[in-house]
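In what follows, a single structure is set out as structure tokens and then discussed.
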Amino acid sequence: MQKPGKATPGPLSLNTATVKVQWSLAECIEGCLRHGITGISPWRDKLAEYGVANAARHIREAGLTVTGLCRGGMFPAIDAAGRRAALEDNFRAVDEAAALNAQCLVLVVGGMPAGSKDIAGARGQVQDGIAALLEYARPAGVKLAIEPLHPMYAADRACVNTLGQALDICDALGNGADDTALGVAADVYHIWWDPQLAAQIKRAGRRILAFHVCDWLVPTRDLLLDRGMMGDGVIDIPAIRAQVEAVGYDGFCEVEIMSSENWWKRDADEVLRVCVERHASVV
Ligand code: ZN
């Protein structure tokens, strides 16, 4: 058994949400270069601002690895037209991920349509949506990473809430445990509390396509925008990292901190400096 925190963590990637208030995508790319961060994971709004071709060229010239594109998903809708529109948007997201040579398209699958109380129905719509998207993404060479979200988001953001649930979808739609066209994004913020975590990481194996880090603050003051910097909360990040590495994950640690009251108010270079420090000391 590896001593937690002893082995060097995989390289660091910046999820642009971490400094989304301070910086454009171009500034994020340049910031990564200044701070020795070798991966980046853009959000689609930043990408649209910059233009996909411009962003792809800039990232390539900077030599950064695109560890993911955030995000596709949001499949459920109140009617067929809404579901079709969501799927079309996901096709565009796959195109963008391909243009960026992203390691995966992250899927935040969506919650329940407005007015609905049918979470089972929403989960069915999610699975149908991913099935249709996989047919488009597989030939494009874009891997789909289902990101289970903490259950507090089940109504409005993601009705897939555990790694086990995400892997059930992978098992239903993929071609077995070696098929990485469809996998999962393991974000410590969303999965740390799960009593099944260790077993489900083992089950996931090579299907862990991304590893996201931040921390869970006590108390958490905002359900969406009060994520903590690694080391400031209660998540044993090295223990989870050791588990994902034990099943073969050898990719980046992607830092993703949405923090309206703290980190979004700071100088972005300071934020990146602290990310680099904490990545070395507590991830
Ligand atoms: Zn994440």
query = Within the stretch 100-111, can one find any residue that is over 18 Å from the mean Cα position of the chain (by Cα) and either in a helix (DSSP H, G or I) or within 17 Å of P76 (Cα to Cα) (or both)?
reply = no
key: Hits in the stretch 226-237 - residues which are away from the ligand (no atom under 16 Å from the Cβ) and surrounded by 18 or more Cβ atoms within 10 Å (Cβ to Cβ)   = D232
Out of G72, G51, G31, sole residue that is modelled with pLDDT of 95 or more and within 23 Å of G110 (Cβ to Cβ) = G72
task = Could you identify the single residue in F91, F75 that is part of a loop (DSSP other than H, G, I, E, B) and of a type in the set (A, V, I, L, M, F, W, C)?
result = F75
query = Only one residue in R71, R83 is under 27 Å from L12 (Cα atoms), among the basic types (K, R) and in contact (Cβ under 8 Å) with a residue 24 or more places away in the chain, so which one is that?
reply = R71
inquiry  = Looking at the stretch 159-186 only, could you name the residues that are within 16 Å of the ligand (Cβ to nearest atom) and among the hydrophobic types (A, V, I, L, M, F, W, C)?
reply    = V160, L163, A166, V184, A185, A186
task = Determine the pairs where a residue that is surrounded by 13 or more Cβ atoms within 10 Å (Cβ to Cβ), located within the stretch 266-281, has a partner that is among the aromatic types (F, W, Y) with Cβ atoms under 8 Å apart, the partner being 6 or more residues away or on another chain.
result = A268/W23; V271/W263
ask   = What are the residues in the stretch 187-199 that are free of Cβ contacts under 8 Å to residues at least 40 places away in the same chain and within 16 Å of the ligand (Cβ to nearest atom), if any?
value = D194
request  = Under 7 Å between Cβ atoms, at least 6 apart or on separate chains: pull out the pairs that start in the stretch 39-56 with a residue that is among the hydroxyl-bearing types (S, T, Y) and end on any residue that is part of a helix (DSSP H, G or I).
outcome  = S41/T16; Y50/L25; Y50/A26
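Each row is one residue, and each column tells you yes or no for (1) closer than 25 Å to D194 by Cβ; (2) surrounded by fewer than 19 Cβ atoms within 10 Å (Cβ to Cβ); (3) at pLDDT below 95; (4) in contact with a helix residue (DSSP H, G or I) (Cβ under 6 Å, 6 or more places away or on another chain).
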| position | (1), (2), (3), (4) |
| --- | --- |
| A85 | no, yes, no, no |
| A98 | no, yes, no, yes |
| G111 | yes, no, no, no |
| Q127 | yes, yes, no, yes |
| A132 | no, yes, no, yes |
| H150 | yes, no, no, yes |
| A158 | yes, no, no, no |
| N161 | yes, no, no, yes |
ask   = So which residues in the stretch 205-225 are touching a strand residue (DSSP E or B) at 6+ places or on another chain (Cβ under 8 Å) and within 15 Å of the ligand (Cβ to nearest atom), if there are any at all?
value = I208, L209, A210, F211, H212, V213, C214, D215, W216, L225
task = Name the residue, out of R266, R273, that is in contact with a His (Cβ under 9 Å, 6 or more places away or on another chain) and closer than 17 Å to G31 by Cα.
result = R273
key: Answer residue from the stretch 101-116, given it is of a type in the set (A, V, I, L, M) and closer than 20 Å to I208 by Cα and is nearest to the ligand (Cβ to nearest atom) among those   = V106
message = Can you find, within the stretch 9-38, the residue that is farthest from the chain's Cα centre (by Cα) among those that are surrounded by 23 or more Cβ atoms within 10 Å (Cβ to Cβ) and not in a helix (DSSP H, G or I)?
response = L12
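The values are calculated or read from the model by the stated rules, or taken from the named source; none is laboratory data. Fair warning: this is a prediction, and the values are worked out from it, not measured in the lab. FYI the Cβ positions are ideal-geometry reconstructions off the backbone, even for glycines, and counts take in every protein chain you see.
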